Amino acid sequence: MTPFPSVLESVEDLTVNQIQTLLTLAENIERDKIHLTSQNSLKAPIVYTLFLENSTRTKLSFATSALKLGAHYLDFPLQTSSVKKGENIEETLLTLKAQGADLCIIRTNENNFFKEYKNNPPLKLINGGDGVNEHPTQALLDLYELLKFFQGGIKGISGKTLGIAGDIIHSRVAHSLIKLLPKFGMKICLYAPEYFLPYEITENPNITVAKNKNDFLVSTDLVYLLRIQFERLKNTEEEITKIKDSYSVQFGFFLSDAEKHQRYFMHPGPVNIGLEIDLSLLKSKYYLGHRQVESSIPVRMAILLSMLNNQDQNLNPKGKNAAVINYTTL
Ligand code: CP
C-alpha cells in the first residue's frame with residue numbers, strides 16, 4: 001500500500017484505499033478498539049498548530065486528538081512570535097523542525113500555500129485550510145459522518161446526492177467535498193446566489209445546480225450548509241448590508257424546511273444564525289453540526305497516527321528513528 005503522505009494538502013493526496021483504511025482506523029478509535037502501547041515521553045512526537053487565520057473547531061480538535069494520542073502538543077504563539085517581526089513561515093517551520101517538531105497543522109489565507117512544500121517538506125504538514133482552496137481534513141470527517149448517517153458503508157452513500165448551499169465560491173470545505181465525494185459515488189447539487197457559484201464547478205459532470213429552494217430540497221438526500229464568508233467579500237458596506245437583509249428569504253433554511261422535506265442538515269461551522277440557518281433549525285434534531293465535531297476527533301486522531309507513523313525516511317536523513325505512536329488493534 002502507498003505510504004501515507006507527509007504533506008496533506010488536498011483530498012486528492014490520498015487514494016480511495018488510503019481513505020478507506022483511514023476511516024476504518026477512525027472507526028476503531030471511536031469504538032475503543034485501539035490500544036496505545038506505552039510511550040517514552042522523550043520519544044513522543046511533537047505536534048504544532050500554526051493558525052494564521054482564526055479557528056475554533058479545526059485547531060482544538062487537532063489539539064485534542066494530539067493529546068489523546070500521547071503526543072506533545074503546542075500551539076504556535078503567533079501574536080508574540082518573531083513572525084510579527086517579519087520572519088517568514090519557511091524560516092519559522094525550519095526553526096520548529098530544529099527544535100524537534102515532527103508535524104505542523106497550518107491554516108493560512110494563502111491559496112495553494114502547501115504546493116512549494118510538497119516534494120521537500122521541512123516537517124510533516126497538514127492543511128488546516130488554505131485560503132479558498134481546500135480543507136481536506138474537514139471533508140474527510142464529513143465523509144465519515146456521511147457513512148455513519150446513511151449506513152451500509154460505501155454502498156450506503158453511493159448514488160446519494162449531497163446538497164451544498166451557501167457561499168460555495170469561498171468555501172474550501174465545499175471545494176474538498178466536491179473532489180472527494182464523487183470518488184465514493186456521491187452526487188452534488190448546489191444552491192446559491194449566482195455570485196457565490198464558481199463557474200468551473202458548475203461545469204463538473206458530478207454537479208447539478210438547483211433553481212430554487214424547493215427543487216434543491218427535493219433533489220437532495222442531505223443538505224450541507226455554508227456560512228457567508230464576509231471576511232473574504234470585496235463588496236462595499238452598503239452591498240454587504242443588502243446581502244444580510246435579503247439573503248435568508250431565498251437562501252436561509254428553517255425548521256419548517258427540514259420538517260416538510262424530512263431533510264437533515266450538516267454544517268462545518270461556524271454558523272451565522274439568521275442568515276444561512278435559523279435558530280429553530282440549529283436547535284432541532286435535523287441539525288448534525290455537533291455530530292460532525294464529535295466525528296472530527298477520531299478522524300483527526302487517525303490522520304495524525306497515519307502521518308506520524310508513515311516511516312518517511314526523507315524527514316530523518318541522519319538515520320534517526322522517527323517519532324511514532326505505537327498501537328495495537330484489539
Ligand atoms: N470547520 C472549521 O474549519 O471550523 P473552524 O474555522 O472553527 O476551525
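The values are calculated or read from the model by the stated rules, or taken from the named source; none is laboratory data. On a predicted model such as this, the values are computed, not experimentally measured, just so you know. Neighbour counts are summed over all protein chains in view; Cβ atoms, including those assigned to glycine, are modelled from backbone coordinates with ideal geometry. In case anyone asks, the SASA skips ligands and DNA or RNA and just uses the protein heavy atoms, side chains included. Shrake-Rupley method; radii C 1.70, N 1.55, O 1.52, S 1.80 Å.
Taking only Cα atoms, what is the 0 to 90° angle, nearest 10, from helix 237-251's long axis to the longest principal axis of the chain?
Taking the Cα atoms of the chain, the angle to 237-251 is about 70 degrees.
Note the angle between two axes, namely the Cα long axis of helix 136-150 and the longest principal axis of the Cα atoms of the chain, as a number of degrees from 0 to 90, rounded to the nearest 10.
The angle comes out at about 60 degrees.
Of the options T329, T202, Q229, report the single residue whose Cα projects farthest towards the positive end of the charge dipole of the chain (beta-carbon charges: Lys, Arg +1; Asp, Glu -1).
Going by the Cα projections, it comes out as T329.
Under 18 Å Cα-Cα from K43, which aspartates and glutamates qualify once same-chain neighbours fewer than 8 residues away are excluded?
Straight-line reach from K43, under 18 Å: D102, D312.
Using alpha carbon coordinates only, what is the Rg to Rh ratio of the chain, with Rh defined as the Kirkwood radius? Numbers along the way, then the final one.
Numbers: Rg = 20.3 Å, Rh = 20.8 Å.
Here the Rg-to-Rh quotient is 0.98.
Counting only DSSP beta bridges with both residues in the chain, tell me the antiparallel percent, nearest 5. All intermediate terms of the calculation are to be shown ahead of the outcome.
Working: 4 of 37 bridges.
Here the antiparallel bridges make up roughly 10 percent for the chain.
Let me know the shape class of segment 138-260, please: from the alpha-carbon gyration tensor, a ≥ b ≥ c as square roots of the eigenvalues, rounded when a/c is under 1.5, otherwise prolate if a/b is greater than b/c, or oblate. Can you show the working numbers first?
Numbers: a/c = 2.01, a/b = 1.59, b/c = 1.26.
Cα axes put segment 138-260 in the prolate bin.
When the chain is fully extended, how far beyond the present Cα-Cα distance does Q250 get from Q262, taking 0.36 nm per residue of separation?
Details: separation 12, 0.36 × 12 = 4.32 nm, distance 1.90 nm.
Computed gain between Q250 and Q262 is 2.4 nm.
Kindly list the residues of segment 25-48 that lie in the label zone of S81, defined by a backbone N under 13 Å from the point 7 Å along the Cα-to-C-beta vector.
Label zone hits: 47-48.
Leaving out ligands and nucleic acids, and using a 1.4 Å probe, what accessible area per residue does segment 38-117 come to in Å²?
Working: 4270 Å² over 80 residues.
Accessible area per residue, segment 38-117: 53 Å².
Label-point separation (nm) for K43 and E238, each offset 7 Å from Cα along Cα-to-Cβ?
So the two model labels end up 6.7 nm from each other.
Taking amide hydrogens as modeled 1.01 Å from N in the peptide plane, which residues meet the under 5 Å criterion relative to G131, leaving out close sequence neighbours?
T108, N109, E110
Roughly speaking, to the nearest percent, how much of the chain's 1.4 Å accessible area is carbon and sulfur? Mind dumping the intermediate values first?
Details: 7630 of 15570 Å².
C and S atoms contribute 49 percent here.
Protein chains only, probe 1.4 Å: how do H267, H261 rank by accessible area, largest first?
Details: H267 5, H261 30 Å².
Putting H267, H261 in descending order of accessible area: H261, H267.
Within segment 294-309, find all residues whose amide N lies under 20 Å from a label point positioned 7 Å from the Cα of T2 along Cα-to-beta-carbon.
The answer is 302-309, whose backbone nitrogens lie closer than 20 Å to the label point.
Kindly report the accessible area of segment 138-292 per residue (heavy atoms of protein chains, probe 1.4 Å, no ligands, DNA or RNA), in Å².
Details: 7020 Å² over 155 residues.
Per-residue value: 45 Å².
In whole Hz, with x marking every Gly and Pro, tabulate ³J(HN,Hα) for segment 260-277 from phi via Karplus 6.51 cos²θ - 1.76 cosθ + 1.60, θ = phi - 60°.
4, 9, 6, 10, 9, 10, 9, 6, x, x, x, 9, 10, 5, x, 10, 6, 9
Between segment 1-19 and segment 101-167, what's the alpha-carbon centroid distance in Å?
Centre-to-centre (Cα) distance: 11 Å.
Between V16 and K68, take the C-beta separation as r, use R0 = 30 Å, and let me know the FRET efficiency to the nearest 0.05. Please report the intermediate quantities before stating the final value.
On the way: r = 27 Å, r/R0 = 0.90.
The computed FRET efficiency comes out at 0.65.
Probe radius 1.4 Å, ligands and nucleic acids left out: which of L255, L217, L42, L279 has the largest accessible area, and how do the rest follow?
I get L42, L279, L255, L217, largest accessible area first.
Pairing the Cα long axis of helix 57-68 with the longest principal axis of the chain, what angle in degrees results, from 0 to 90 and rounded to the nearest 10?
40 degrees
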